[in-house]
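Notes follow the structure.
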Amino acid sequence: MANTELIRITFPDGSTKEYPKGVTPEEIAKEISPALHKKAVAAKLDGKLVDLTRPILSDARLEILTYEDPEGMQVFWHSTSHIMAHAIKNLFPEAQFGVGPPIENGFYYDIDINTQLSVEDLPKIEAEMKRIIEEGQAFRREELTKEEAIRLFKERKDQYKIELLQEMEDECPSVYREGDFVDLCRGPHIPRTSMVKAFKLLSVAGAYWRGDEKNKMLQRIYGISFPKKSQLEEYLHFLEEAKKRDHRKLGKELDLFSFQAEGPGFVFWHPQGMRIYHIIENYLREKLYAYDYEEVKTPMILHDSLWKRSGHWDNYKENMYFVSIDEDNYAIKPMNCPGACLIYRNTLHSYRDLPIRLAEFGNVHRHERSGVLNGLLRVRQFTQDDAHIYCTPEQIKDEVLSCIHFVREVYADFNLNDYHVELSTRPEKSIGSDEIWEKAEAALEDALKAAELDYQINPGDGAFYGPKIDFHVRDSLRRSWQLGTIQLDFSMPERFDLEYVGADGARHRPVMIHRAILGSIERFIAVLIEHYAGNFPVWLAPTQVAVLPITDKQRDYAEKVYRELRKQQLRAVLDVRNEKIGYKIREAETKKVPYMLIVGQKEMDEATVSVRRHQQGDLGKMSVAEFVNQITKDIQSKS
């Protein structure tokens, strides 16, 4: 031992310990605790993800990752995707493989085989996966030269891996072997296949190679895996609940919206859906007034020179629609910000005028590929609850803080209180100098700290014109949705030559803050439908009350009740169809109407109504005034 070279390992809690050079994270985990060793899936060495079997050759910071860590679970899922690929190769020897990454919930692999798969084929693949898992094969990493790797995959006749290798800058790519299967991969992976105790292949879909419609359509198999059977059972239950809440299914059942073949990716709002749309829009208008915004509206179509000036032409052209007018070129706006800049530029402003807050419910169009369209969540036309704030550099912190407060207040009213925040930094494709970006990122980080908000850095995911704060909201099923955003922009004021006259009498450049609270009204409504499972709180429900007379004899009294409710600005309907009362109640329950007022002979004689609450049943008799008082309290409390 005296001759063994020692290295110092620093753990996340700051403690240190010496180990022989070449020790592996797996050996260290085993020494720390048998329980930790059992759950360990990978490690972070000086912040870099590595296999548990990677020898440590110098002093380092070490973190052992288990499947309870988000990064550890991603490694677990990625390893299961390799096991699935191995099973497919055994069953379909001609198989070639695209990519097989972990995703937010599980994994997928894109494959090219001669057989068209369906969900009926998945059990056969699962059976082969189970056999491979039970063998307990180790994942073994090998580093090859690029030439060696290309030769290997030529032997395996896998053109997709060869294409990836040819474009790769890394001269020593890594491959992983597991049994007789080999795959191109950066890793890391779990130590052995037997760690996967429970898994399920979920679906088969088509996916163009590298997301390009010009390339071949591959077959994408999605799956999920866990180290415990109970976790899989819980997840499958979650999927069943998510199916029930699918906004596309509920949107049809509640008659909120539709999509038509004549306009793929464009929403057709029905009367009930339009009510929700306007409720949200009017709610936000009241908030805008309280936060000192002015509302504007900019044109849908603007000359292409504007989009070249704004930077969208160079950075966003593939997502835009274009049109020719009088033999000149125009674009349908994908964003509202350039139009807002023209409004600001129309008047010379003093520093005393700032901040200027211009809000717009801006209708925008973006070209989305047909394969990624997804109900209201991904459409080609939508309305952003947009705003652009022009302020002095000294006002940045206060304005960003005000936007943060605005977001928090709105989410609380919609019962969306579980969210996390990300600070997204400069992307690869961007405009503006390094100095501008550093200044903008520091300003947003300063505001987040002042707001005492926990946040994560999301490197390289900012807008092309500036960094941003994104709010990721978790719904009642704890699914995460990116909604609100606050973006800081020093570049666009420069491009549009925006100015204000400072206290010194000189011209200065304002700072521009882009912000959206909901993101888009369409996407937000989709999230709400699934969050509430269609059971909207009374203040949001498109129909709040259904008045249901038992027979025609109560029709006039029911009409009187209905008119009184409408007079009180309640969204009521009157059902006078010649149907039994049980049928009317069931239909109102199916439509998820919060309150039903049953009107029979006794209610008419007593000038009362029998009140039923959706999913709760009979609440007893009340006068119309008493009911109005109760429902008004529900609406005001947003309960």
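The values are calculated or read from the model by the stated rules, or taken from the named source; none is laboratory data. Predicted model only: the values in this text are computed from it and were never measured. For neighbour counting, all protein chains shown are included, and Cβ atoms are generated from backbone atoms with ideal geometry for every residue, glycine included.
Determine if the range 208-222 includes at least one residue that is surrounded by 16 or more Cβ atoms within 10 Å (Cβ to Cβ) and out of contact with any strand residue (DSSP E or B) (no Cβ under 9 Å at 6 or more places or on another chain).
No: zero hits.
Among the residues in the range 60-73, are any outside the structural domain of Lys229 (by TED's automatic domain parsing), over 23 Å from Val196 (Cα atoms), touching a Phe, Trp or Tyr at 6+ places or on another chain (Cβ under 7 Å) and not hydroxyl-bearing (Ser, Thr, Tyr)?
Yes, the range 60-73 contains a residue that is outside the structural domain of Lys229 (by TED's automatic domain parsing), over 23 Å from Val196 (Cα atoms), touching a Phe, Trp or Tyr at 6+ places or on another chain (Cβ under 7 Å) and not hydroxyl-bearing (Ser, Thr, Tyr).
May I ask you to verify whether Leu256 is surrounded by 15 or more Cβ atoms within 10 Å (Cβ to Cβ), farther than 21 Å from Ala588 by Cα, outside the structural domain of Asn363 (by TED's automatic domain parsing) and in contact (Cβ under 8 Å) with a residue 60 or more places away in the chain?
no
Are any of the residues in the range 425-437 modelled with pLDDT under 90, of a type in the set (D, E, K, R), surrounded by fewer than 13 Cβ atoms within 10 Å (Cβ to Cβ) and in contact with a Phe, Trp or Tyr (Cβ under 7 Å, 6 or more places away or on another chain)?
Scanning the range 425-437, I find at least one residue that is modelled with pLDDT under 90, of a type in the set (D, E, K, R), surrounded by fewer than 13 Cβ atoms within 10 Å (Cβ to Cβ) and in contact with a Phe, Trp or Tyr (Cβ under 7 Å, 6 or more places away or on another chain), so the answer is yes.
Yes/no per residue for (1) closer than 22 Å to Asp504 by Cβ; (2) of a type in the set (Gly, Ala, Ser); (3) in a loop (DSSP other than H, G, I, E, B):
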{"site": "Arg352", "(1), (2), (3)": "yes, no, no"}
{"site": "Glu360", "(1), (2), (3)": "no, no, no"}
{"site": "Val364", "(1), (2), (3)": "no, no, no"}
{"site": "Leu376", "(1), (2), (3)": "no, no, yes"}
{"site": "Lys397", "(1), (2), (3)": "yes, no, no"}
{"site": "Cys403", "(1), (2), (3)": "no, no, no"}
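Considering each residue of the range 26-48, count those that are in contact with a strand residue (DSSP E or B) (Cβ under 6 Å, 6 or more places away or on another chain) and either over 17 Å from Met195 (Cα atoms) or assigned by TED's automatic domain parsing to the domain that holds His189 (or both), and give that number.
3
So Ser230 ticks every box in (1) of a type in the set (S, T, N, Q); (2) out of contact with any helix residue (DSSP H, G or I) (no Cβ under 9 Å at 6 or more places or on another chain); (3) within 16 Å of Phe107 (Cβ to Cβ) but one. Which box is left unticked?
Among (1) of a type in the set (S, T, N, Q); (2) out of contact with any helix residue (DSSP H, G or I) (no Cβ under 9 Å at 6 or more places or on another chain); (3) within 16 Å of Phe107 (Cβ to Cβ), the lone unmet condition for Ser230 is (3).
Taking the residues in the range 310-320 that are in a helix (DSSP H, G or I) and in contact with a His (Cβ under 9 Å, 6 or more places away or on another chain) as candidates, determine which candidate is farthest from Arg378 (Cα to Cα).
Only one residue tops the list, namely Glu318.
State whether the residues of the range 53-61 include one that is under 32 Å from the mean Cα position of the chain (by Cα), outside any helix (DSSP H, G or I), within 29 Å of Arg156 (Cβ to Cβ) and in contact (Cβ under 8 Å) with a residue 24 or more places away in the chain.
Scanning the range 53-61, I find no residue that is under 32 Å from the mean Cα position of the chain (by Cα), outside any helix (DSSP H, G or I), within 29 Å of Arg156 (Cβ to Cβ) and in contact (Cβ under 8 Å) with a residue 24 or more places away in the chain, so the answer is no.
Scan the range 133-147 and give yes if some residue there is touching a residue at least 60 places away in the same chain (Cβ under 8 Å) and either acidic (Asp, Glu) or in a helix (DSSP H, G or I) (or both), otherwise no.
Within the range 133-147 (the criterion being touching a residue at least 60 places away in the same chain (Cβ under 8 Å) and either acidic (Asp, Glu) or in a helix (DSSP H, G or I) (or both)), the answer is yes, since at least one residue qualifies.
Name the residue that is modelled with the lowest pLDDT, counting only residues in the range 153-172 that are within 25 Å of Lys216 (Cα to Cα) and in a loop (DSSP other than H, G, I, E, B).
Selected residue: Glu169.
Starting from residues that are outside any strand (DSSP E or B) and under 12 Å from Pro188 (Cβ atoms), keep the ones in the range 35-52 and report whichever is farthest from the chain's Cα centre (by Cα).
Across the range 35-52, the extreme among qualifying residues is Leu52.
Identify, please: which residue in the range 28-47 is more than 12 Å from Leu65 (Cβ to Cβ) and not small (Gly, Ala, Ser) and is, among those, surrounded by the most Cβ atoms within 10 Å (Cβ to Cβ)?
Selected residue: Ile28.
Here's the yes/no breakdown for (1) under 30 Å from Leu239 (Cα atoms); (2) outside the structural domain of Glu128 (by TED's automatic domain parsing); (3) not charged (D, E, K, R):
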{"residue": "Glu171", "(1), (2), (3)": "no, no, no"}
{"residue": "Tyr176", "(1), (2), (3)": "no, no, yes"}
{"residue": "Cys185", "(1), (2), (3)": "yes, no, yes"}
{"residue": "His189", "(1), (2), (3)": "yes, no, yes"}
{"residue": "Ser203", "(1), (2), (3)": "yes, no, yes"}
{"residue": "Tyr208", "(1), (2), (3)": "yes, no, yes"}
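So Ser203 clears everything in (1) in contact with a helix residue (DSSP H, G or I) (Cβ under 8 Å, 6 or more places away or on another chain); (2) surrounded by 13 or more Cβ atoms within 10 Å (Cβ to Cβ); (3) hydroxyl-bearing (Ser, Thr, Tyr) except one condition, right? Which one?
Ser203 satisfies all of (1) in contact with a helix residue (DSSP H, G or I) (Cβ under 8 Å, 6 or more places away or on another chain); (2) surrounded by 13 or more Cβ atoms within 10 Å (Cβ to Cβ); (3) hydroxyl-bearing (Ser, Thr, Tyr) except (2).
Looking at the range 321-347, which of the residues that are among the hydrophobic types (A, V, I, L, M, F, W, C) and crowded, with 19+ Cβ neighbours inside 10 Å is nearest to Thr383 (Cα to Cα)?
So the residue we want is Met335.
Mind checking which residues of the range 584-607 are of a type in the set (A, V, I, L, M) and either assigned to a strand (DSSP E or B) or out of contact with any Leu (no Cβ under 9 Å at 6 or more places or on another chain) (or both)?
Those that are of a type in the set (A, V, I, L, M) and either assigned to a strand (DSSP E or B) or out of contact with any Leu (no Cβ under 9 Å at 6 or more places or on another chain) (or both): Val593, Met596, Leu597, Ile598, Val599, Met604, Ala607.
Out of the range 260-277, which residues are among the hydrophobic types (A, V, I, L, M, F, W, C) and either touching a Phe, Trp or Tyr at 6+ places or on another chain (Cβ under 7 Å) or surrounded by fewer than 18 Cβ atoms within 10 Å (Cβ to Cβ) (or both)?
Selection gives Ala261, Phe266, Val267, Phe268, Trp269, Met274.
Counting just the residues of the range 278-320 that are in contact (Cβ under 8 Å) with a residue 40 or more places away in the chain and basic (Lys, Arg), which one comes out surrounded by the fewest Cβ atoms within 10 Å (Cβ to Cβ)?
Lys297
If I filter the range 461-480 for residues that are within 14 Å of the chain's Cα centre (by Cα), small (Gly, Ala, Ser) and either outside any helix (DSSP H, G or I) or not assigned by TED's automatic domain parsing to the domain that holds Asn315 (or both), do I get at least one hit?
Scanning the range 461-480, I find at least one residue that is within 14 Å of the chain's Cα centre (by Cα), small (Gly, Ala, Ser) and either outside any helix (DSSP H, G or I) or not assigned by TED's automatic domain parsing to the domain that holds Asn315 (or both), so the answer is yes.
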